Amino acid sequence: MCGIVGYIGDKEAYPILINGLKRLEYRGYDSAGIALINSQTNTYKVKGKVSDLEKFVQGKDISGKIGIGHTRWATHGEPNDANAHPHASSKGNFIVIHNGIIENYSTLKETLIKNGYTFKSDTDTEVLANLIEYIYEGEGISAEDAVRYALQEVSGAYALVVVAKDEQDKLIAARKGSPLVIGIGEGEYFLASDATPIIEHTKSVIYLNDLDVAVITKHELNLKTLKNDKITPKVQKLDLEIGEIEKGGFDHFMLKEIFEQPQTITNTLRGRISADLKDIHHGGISGVIPQLVAAKRLIIIACGTSWHAGLVGEYIFEEFARLPVEVEYASEFRYRNPVIYKDDVVIAISQSGETADTLAAINLAKRSGALVLGVCNVVGSSISRETDAGIYTYAGPEIGVASTKAFTSQVTALTFLALMIAHRRETIKQEDYERIIAAMVEIPKKIEALLQNNDQFKKIAALYKDADNFLYLGRGYFFPVALEGALKLKEISYIHAEGYPAAEMKHGPIALIDEKMPVVVIAAKDKSYEKIVSNIQEVKARKGIVIAIVTEGDTVIKKMADHVLEIPHTEDVLAPILAVIPLQLLSYHIAVLRGCNVDQPRNLAKSVTVE
Ligand code: G6P
């Protein structure tokens with residue numbers, strides 16, 4: 001989703017801003033722009049990639065030691081040059097970049113038009129630029145006042161950076177609902193939507209909170225509330241290395257991240273399993289264990305792949321902790337007037353920790369008095385700060401839009417949380433608890449072994465890369481894995497795919513099966529094994545092509561499926577973590593063979609900061 005960068009200091013801003021925009025490309029975008037402040041302001045913006053912007057500015061004046069840059073993911077108005085940011089106000093007094101949605105923009109626009117304002121774009125951001133200017137034209141108002149007053153008029157979400165023509169020595173930044181980070185250098189400041197453009201310059205950062213306004217000159221940062229009360233900034237140190245956000249020899253971030261999974265799962269587990277492998281501990285939630293143990297119900301809220309992780313969590317919590325679980329799309333939950341009791345525990349799952357609907361659902365749950373936990377990957381993200389307590393997954397930066405390592409880390413975290421709660425609730429036998437813990441620490445090695453079969457996944461991808469549709473089937477723990485496999489394929493290869501509970505196939509999808517339909521069946525050995533074998537036969541009877549994910553050594557399915565992809569044997573509850581990996585690689589190779597932009601698929605955003 002939209003990316004923001006800003007620089008103020010003694011260096012030339014252009015290379016810093018362009019490099020920053022490239023770091024933010026992974027968020028997903030369709031146009032890019034930049035404004036450089038010298039004695040005058042030069043604004044350049046184009047539909048397309050940051051590389052198109054670089055070509056566009058060739059031979060033009062790109063000097064300036066203050067500047068702002070933006071990658072836009074279209075919400076109001078199609079992707080084109082005019083709608084790209086930065087946006088200037090009608091009389092050119094203000095230039096604005098913005099991530100978010102100004103919900104009351106059409107009412108504000110009508111008022112501004114009545115007052116003589118004109119618009120060059122269809123965006124809500126230009127409305128904001130003009131609103132700031134309209135207020136500024138009042139008596140004795142500073143640029144900062146104008147921004148603060150304007151923001152009091154708008155409803156919706158924003159992270160924004162403003163440059164005022166009359167006060168060109170400063171950047172004015174604010175946030176509500178969309179993320180913004182300020183990097184603190186020596187006589188210079190950096191601004192960005194997340195820390196990835198900042199780490200190569202400084203590790204000292206301030207995460208803006210909702211309704212904070214920062215006024216930044218190269219020597220000074222003043223932080224205030226929207227109501228003009230001073231705030232003492234909380235400076236934090238980034239725990240992030242530059243290598244973590246580079247491809248490190250892989251063709252794509254997605255492939256790198258798939259191959260990182262042995263390490264990322266090790267990181268998720270680190271410090272959480274006792275040395276004798278007999279117990280699970282978790283510092284971040286130790287204070288709320290009594291509430292978790294006493295909970296009557298869990299509500300899991302998430303979006304996208306994180307929602308699939310939540311579904312796996314549902315099966316595990318119900319099986320072991322004997323807790324009823326509801327898994328909700330955050331976007332539905334928040335608008336549905338849901339029933340939430342004080343003794344419910346709500347778990348919000350989010351890789352980015354910034355998904356707008358998940359954040360809104362958290363706030364709703366908090367108002368009802370329920371305990372709200374977060375399972376987040378990005379340290380310091382909004383969701384990790386809004387929740388009462390939580391678990392970091394520590395999978396490291398996930399740059400590929402299609403979530404891979406974040407998913408397996410989320411499932412790992414939910415699994416150990418469910419087992420720990422089951423143990424404290426005494427709903428799991430000690431021997432089962434210890435056996436599963438021992439198996440859990442073996443998972444990274446098993447993933448390593450599984451990744452050795454990459455060439456096999458690639459060969460199968462080559463056979464089916466031109467299919468128009470795929471079906472993914474699974475039962476029990478593997479049903480959410482089927483959903484995730486289908487989502488991965490859709491996202492990056494644009495092949496239509498559906499995930500279904502295998503038994504439910506008979507109630508509709510079976511009508512689609514013919515000799516052209518690849519059906520990926522997750523059929524590892526577990527308690528549903530016999531049933532899934534029958535489902536495979538049903539597919540074969542209709543001439544479907546079966547690609548089966550099986551436990552190594554399986555001989556039964558080998559005889560009936562067109563292809564088998566083996567995963568190592570493990571405890572049933574841990575098998576989803578292994579089973580999803582062949583599906584990730586299958587999608588990856590199909591997308592690459594189809595010539596798709598794997599890391600930045602069309603229309604998708606990594607972090608969905610608008611509702
Ligand atoms: C976007 C991303 C998905 C992600 C979803 C939820 O759609 O493209 O990969 O699963 O948002 O994001 P979150 O950061 O909350 O997990």
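Placing +1 on the Cβ of each Lys and Arg and -1 on the Cβ of each Asp and Glu in the stretch 229-354, which of Ser352, Ile245, Phe333 has its Cα farthest towards the positive end of the resulting dipole? Result: Phe333. Report the calculated FRET efficiency for Ala511 and Lys531 (r = Cβ-Cβ distance, R0 = 25 Å), to the nearest 0.05. Using R0 = 25 Å, I get an efficiency of 0.75. Spin-label model, Lys234/Ser204: points 7 Å from Cα along the beta carbon direction are separated by 1.8 nm. Calculated accessible area for the stretch 67-150 comes out at 37 Å² per residue, all protein chains present (probe 1.4 Å; ligands, DNA, RNA ignored). In percent, rounded to a whole number, the relative contact order of the chain is 12, using alpha-carbon pairs under 8 Å and six or more apart. Beta bridges from DSSP with both residues in the chain: antiparallel share about 60 percent, rounded to the nearest 5. The residues of the stretch 399-526 expose, per residue, 36 Å² of accessible area to a 1.4 Å probe. Annotation note: trypsin sites (Lys or Arg not before Pro) in the stretch 282-376 located in DSSP loop regions with a Cβ neighbour count of at most 13 within 10 Å are Lys296, Arg322, Arg336, Lys342. So if R0 is 60 Å, what FRET efficiency would Asp468 and Glu139 give, r being the distance between their Cβ atoms, rounded to the nearest 0.05? Taking R0 as 60 Å, the efficiency between Asp468 and Glu139 is 0.40. Would the stretch 368-425 count as rounded, prolate or oblate if I go by the C-alpha gyration tensor, calling it rounded below 1.5 in a/c and otherwise prolate when a/b exceeds b/c, oblate otherwise? Verdict is oblate for the stretch 368-425. For Thr404, neighbours were defined as the other residues whose beta-carbon sits under 14 Å from its Cβ, and their charges (Lys and Arg +1, Asp and Glu -1) total -2.
The distance from the alpha carbon centre of the stretch 181-251 to that of the stretch 256-295 is 29 Å, rounded to a whole number. Once the Cβ-Cβ distance of Gln152 and Glu504 is raised to the sixth power relative to R0 = 56 Å, the FRET efficiency obtained is 0.65. Counting lysine pairs in the stretch 134-228 whose alpha carbons fall under 21 angstrom apart, excluding pairs fewer than 8 residues apart on the same chain, gives 7.
Taken as Cα centroids, the stretch 577-605 and the stretch 362-390 sit 30 Å apart, rounded to the nearest whole angstrom.
Maximal additional length on extending the Arg542-Arg594 stretch stands at 16.0 nm, based on 0.36 nm per residue less the C-alpha distance.
Normalised by residue count, the stretch 550-611 yields a Cα convex hull volume of 142 Å³ per residue. A straight Cα-to-Cα reach below 18 Å connects Lys559 with the lysines Lys525, Lys531, Lys540, Lys543, residues fewer than 8 places away in its own chain not being considered. For Ala438, put the label point 7 Å out on the Cα→Cβ axis and report which residues of the stretch 295-317 keep their amide N under 19 Å from it. Under 19 Å, as judged by backbone N against the label point of Ala438, lies no residue of the stretch 295-317.
Using the Cα coordinates of the stretch 415-509, the gyration tensor eigenvalues translate into equivalent-ellipsoid semi-axes of 33, 20, 10 Å, sorted from longest to shortest.
About its Cα centre, the dipole of the stretch 127-172 is roughly 220 debye, where the only charges are +1 on Lys and Arg Cβ and -1 on Asp and Glu Cβ.
Going by the alpha-carbon gyration tensor, a ≥ b ≥ c the square roots of its eigenvalues, is the stretch 314-356 rounded (a/c under 1.5) or, if a/c is not under 1.5, prolate (a/b greater than b/c) versus oblate?
Here the stretch 314-356 falls in the oblate category.
Phi-derived couplings, Karplus 6.51 cos²θ - 1.76 cosθ + 1.60 at θ = phi - 60°, listed residue by residue for the stretch 179-195: x, 7, 10, 10, x, 10, x, 8, x, 7, 10, 10, 10, 6, 5, 8, 6 Hz, with x used for Gly and Pro. In this structure the stretch 305-369 gives 39 Å² per residue of accessible area when probed at 1.4 Å with all protein chains present. The simple spin-label model puts a point 7 Å past each Cα toward its Cβ; for Thr427 and Lys559 those points are separated by 4.0 nm.
A cut-off under 12 angstrom between Cβ atoms defines the neighbours of Pro233, and their net charge, with Lys, Arg +1 and Asp, Glu -1, is +1.
The label-point distance for Arg385 and Asp52, in a model that sets each label 7 Å from Cα toward Cβ, rounds to 3.4 nm. Here the chain has 49 percent of its accessible surface on carbon and sulfur atoms, given a 1.4 Å probe and all protein chains in place.
Put simply, when 91-103, 559-571 are sorted by average Cβ atoms within 10 angstrom per residue, most first, you get 91-103, 559-571. Normalising the Debye intensity of the chain to I(0), with uniform scatterers on Cα atoms only, and taking log10 at q = 0.06, 0.08, 0.10, 0.11 Å⁻¹ returns -0.34, -0.59, -0.89, -1.04.
Potential lengthening of the chain between Asp166 and Lys342 amounts to 58.2 nm, from the contour at 0.36 nm per residue minus the alpha-carbon distance.
Taking square-rooted eigenvalues a ≥ b ≥ c of the alpha carbon gyration tensor, is the stretch 396-452 rounded, prolate or oblate, where a/c under 1.5 means rounded and, failing that, a/b exceeding b/c means prolate? Because a/c hits 1.5 or more and a/b fails to exceed b/c, the stretch 396-452 counts as oblate. Quick check: the distance between the Cα centres of the stretch 414-477 and the stretch 530-547, to the nearest angstrom? Measuring centre to centre over Cα atoms gives 22 Å.
Helix 304-316 and the long axis of the chain differ in direction by around 40°, with both axes built from C-alpha atoms. Where only DSSP H runs of four or more residues are counted, the chain gives -11000 deg cm²/dmol as its mean residue ellipticity at 222 nm, each run worth -39500 (n - 2.57).
Viscosity 0.890 mPa s, temperature 25 °C: give me the Stokes-Einstein translational D for the stretch 237-316 in µm²/s, with Rh taken as the Kirkwood radius over C-alpha pairs. List each step's numbers first, then the result.
Values: Rh = 16.2 Å.
Translational diffusion coefficient: 152 µm²/s.
Think of the chain as a dipole: +1 on every Lys or Arg Cβ, -1 on every Asp or Glu Cβ, centred on the Cα centre; then among Val375, Phe416, Ile66, Phe416 lies furthest on the positive end.
A straight Cα-to-Cα reach below 15 Å connects Lys60 with the aspartates and glutamates Glu12, Asp52, residues fewer than 8 places away in its own chain not being considered.
The values are calculated or read from the model by the stated rules, or taken from the named source; none is laboratory data. Every value quoted in this text rests on a predicted model; they were computed, and no experiment measured them. A quick note on method: Cβ atoms are made from the backbone with ideal geometry, for glycine too, and the neighbour counts reach across all protein chains shown. Side chains are part of the model used for accessible areas, which takes the heavy atoms of the whole protein and leaves out ligands, DNA and RNA. Shrake-Rupley method; radii C 1.70, N 1.55, O 1.52, S 1.80 Å.
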